Amino acid sequence: MQGECCVTELVEALGEKFSTISQRLRLLRGERLIVRRREGTHLFYALADRHVIDLIQNALAHAAEPERDSDSAHESVIPRSKQMDHHHDHTHKHGKACGHTAVEHGDHVDYLHDGHMHHPKGKKIEEHVLEVSKTNPSDCTPKHKCEGHTKDHVHGPDCGHEAVPHGDHVDYLVDGHLHHPHGNHCDDHGPVKVVK
């Protein structure tokens with residue numbers, strides 16, 4: 001799953017037409033899942049970064065799990081916040097003047113970085129997720145009114161608000177509280193204290 005491949009290698013490995021592989025590569029590049037490098041007349045493709053590798057590995061692991069009925073599946077899932085995944089290949093040093101938003105998370109501080117909550121621990125960076133709780137519920141709140149953005153604002157990548165992993169979904173930090181896009185409104189998922 002790691003390393004580079006040229007289109008010819010992908011055609012041979014997958015047994016697909018050259019035009020089909022090229023079209024798929026163009027779509028994957030458009031979604032920023034892969035990158036390409038030119039060497040002379042050859043183009044080499046690779047997965048974009050560690051996040052994409054983790055995404056694929058998690059999807060494959062999930063697909064390999066035995067199927068469960070819906071009642072027992074909910075009880076057997078380990079909350080993501082308890083897993084303490086490690087962020088690999090991370091050279092940035094988080095700290096007071098690092099440029100990333102620092103937020104309180106339990107008894108420590110995490111840093112919001114490209115849709116992740118990073119917690120420096122020695123030489124490693126732990127991936128954290130804000131737990132669903134009384135303070136930060138995951139309830140639907142259709143009557144929530146927010147002064148932090150216009151009514152027609154759409155949360156998502158590059159919307160101007162930082163993404164915060166919360167339970168099994170992503171919220172957006174707006175004026176010290178979490179917004180979750182839900183149909184034609186934003187749910188209020190509670191406050192988050194930003195450390196100045």
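Here are the numbers:
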{"item": "Descending principal axes extents, the chain, alpha-carbon based, whole Å", "result": "54, 47, 40"}
{"item": "Net charge, ASN136 excluded, C-beta distance under 12 Å - Lys, Arg +1, Asp, Glu -1", "result": "-4"}
{"item": "Local electrostatic count at VAL35 - Lys and Arg +1, Asp and Glu -1, tallied over other residues with Cβ under 10 Å", "result": "+2"}
{"item": "Residues PHE18, PHE44 arranged by fewest to most Cβ contacts within 10 Å", "result": "PHE18, PHE44"}
{"item": "Residues whose placed amide H lies under 5 Å from that of ILE34, excluding near-sequence neighbours", "result": "ARG29, ALA48"}
{"item": "Inter-probe distance in nm under a simple model that places probes 7 Å from Cα toward Cβ, at ASP175 and ILE56", "result": "4.3 nm"}
{"item": "Rel. contact order, % - alpha carbon contacts under 8 angstrom, at least six apart, the chain", "result": "15 percent"}
{"item": "Cα long-axis angle, helix 18-30 against the chain (0 to 90 degrees, to the nearest 10)", "result": "20 degrees"}
{"item": "Between the stretch 27-59 and the stretch 134-196, the alpha-carbon center distance in angstrom", "result": "30 Å"}
{"item": "Range in the chain, longest, excluding exposed GluC sites (Glu not before Pro) [loop by DSSP; at most 11 other beta-carbon atoms within 10 Å]", "result": "68-146"}
{"item": "Table column - 3J(HN,Hα) (Hz), the stretch 115-124, Karplus curve with 6.51, -1.76, 1.60, x for Gly and Pro", "result": "x, 10, 10, 9, 10, x, 9, x, 8, 10"}
{"item": "Neighbourhood net charge (15 Å Cβ-Cβ; Lys/Arg +1, Asp/Glu -1) for SER22", "result": "+3"}
{"item": "FRET efficiency for CYS140 and ASP168, using Cβ-Cβ distance with R0 set to 22 Å, rounded to 0.05", "result": "0.90"}
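Every read-out reported here was derived from the displayed coordinates using simple, explicitly stated rules and does not represent laboratory data. Everything numeric here is computed off the predicted structure, so don't read it as measured data. Neighbour counts run over all protein chains shown; Cβ positions are idealised from the backbone, glycine included.
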